[in-house]
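*Asks:* Take this structure, written in C-alpha cells, and hold onto it; I'll ask about it next.
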Amino acid sequence: MAEPFIYHRRVDFFETDMAGIAHFSNFFRWMEAAEAALLRHLGIPMTDSDGMTDYGWPRVRASAEYHDAIRFGDELELRLWVRAIKVKAVEYEVKAYVMGEGEPRHAASGKMTTVYVCKPTTGGPMKSLALTPAILDKLAPLADDVIS
C-alpha cells in the first residue's frame with residue numbers, strides 16, 4: 001500500500017454550526033482541498049486551458065462516513081491515498097484525523113472519484129479523456145493500482 005499524501009488545516013468558524021461542530025458537508029470540501037494540494041505538489045493543474053479547450057477534474061462519485069465530531073479550531077490531518085488510476089479516472093480515499101494531545105482521533109473517512117475531462121472554450125459538452133502520459137508518470141508511483 002502506498003503512503004498517503006498529508007494535508008493539514010484548521011477548522012474555521014464559518015464551517016461550524018452554533019454548537020461549534022463542523023457541518024458534515026465540509027468534509028467533501030476538505031477532501032477536495034487535499035486532492036488539490038496533492039496535484040499542486042505534483043505539478044498537475046486542477047484546471048488548465050490551451051485557449052481552445054478547457055481541462056479539469058469533475059467529481060463523479062463521493063461518499064463519506066463520520067466517526068466523531070469535528071469542532072471549531074480543531075487541527076485536521078487529512079491523509080489522502082491514490083487507490084486506483086483508471087484510463088480516464090482517479091479514485092481517492094481520504095481519512096480525517098483530529099490532532100492534539102495524545103493519539104490522533106479518526107473523525108471521518110471518504111472516497112472520491114474524479115474524471116479527467118475537456119470542454120471546448122466556445123461551448124459544448126464535457127468529454128472524458130484518457131489520462132496523459134505526463135499525468136500518469138506523476139500519479140502512478142502513488143497509486144495502489146493502475147488499470148490501463
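Laboratory data are not the source of any read-out in this text; all were calculated from the coordinates shown. Since the model is a prediction, treat every value here as computed from it, not as a measurement. Methodologically, a virtual Cβ is constructed for each residue, glycine included, from the backbone with ideal geometry; neighbour enumeration extends over all protein chains shown.
*Asks:* Which members of the stretch 75-90 meet the condition of being under 15 Å from M112 (Cα atoms) and either free of Cβ contacts under 8 Å to residues at least 24 places away in the same chain or over 12 Å from the mean Cα position of the chain (by Cα) (or both)?
*Replies:* Within the stretch 75-90, A84, I85, K86, K88, A89 qualify.
*Asks:* Taking F72 as the residue in question, decide whether it is among the aromatic types (F, W, Y), within 19 Å of T114 (Cα to Cα), surrounded by 15 or more Cβ atoms within 10 Å (Cβ to Cβ) and touching a residue at least 24 places away in the same chain (Cβ under 8 Å).
*Replies:* The answer is no for F72.
*Asks:* Any idea which residue in the stretch 113-148 is farthest from R83 (Cα to Cα), counting only those that are of a type in the set (S, T, N, Q) and loosely packed, with under 15 Cβ neighbours inside 10 Å?
*Replies:* T122
*Asks:* Which of the residues spanning the stretch 10-21 are in contact (Cβ under 8 Å) with a residue 24 or more places away in the chain, surrounded by fewer than 13 Cβ atoms within 10 Å (Cβ to Cβ) and part of a helix (DSSP H, G or I)?
*Replies:* The answer is F13, and nothing else.
*Asks:* Taking the conditions exactly as written (in contact with a helix residue (DSSP H, G or I) (Cβ under 7 Å, 6 or more places away or on another chain) and either of a type outside the set (V, I, T) or without any contact (Cβ under 8 Å) to a residue 24 or more places away in the chain (or both)), does M126 satisfy them or not?
*Replies:* no
*Asks:* Okay, next question. Can you find a residue that is exposed (fewer than 13 other Cβ atoms within 10 Å of the Cβ), within 29 Å of A143 (Cβ to Cβ) and under 18 Å from the mean Cα position of the chain (by Cα) anywhere in the stretch 50-57?
*Replies:* Looking through the stretch 50-57, none of the residues is exposed (fewer than 13 other Cβ atoms within 10 Å of the Cβ), within 29 Å of A143 (Cβ to Cβ) and under 18 Å from the mean Cα position of the chain (by Cα).
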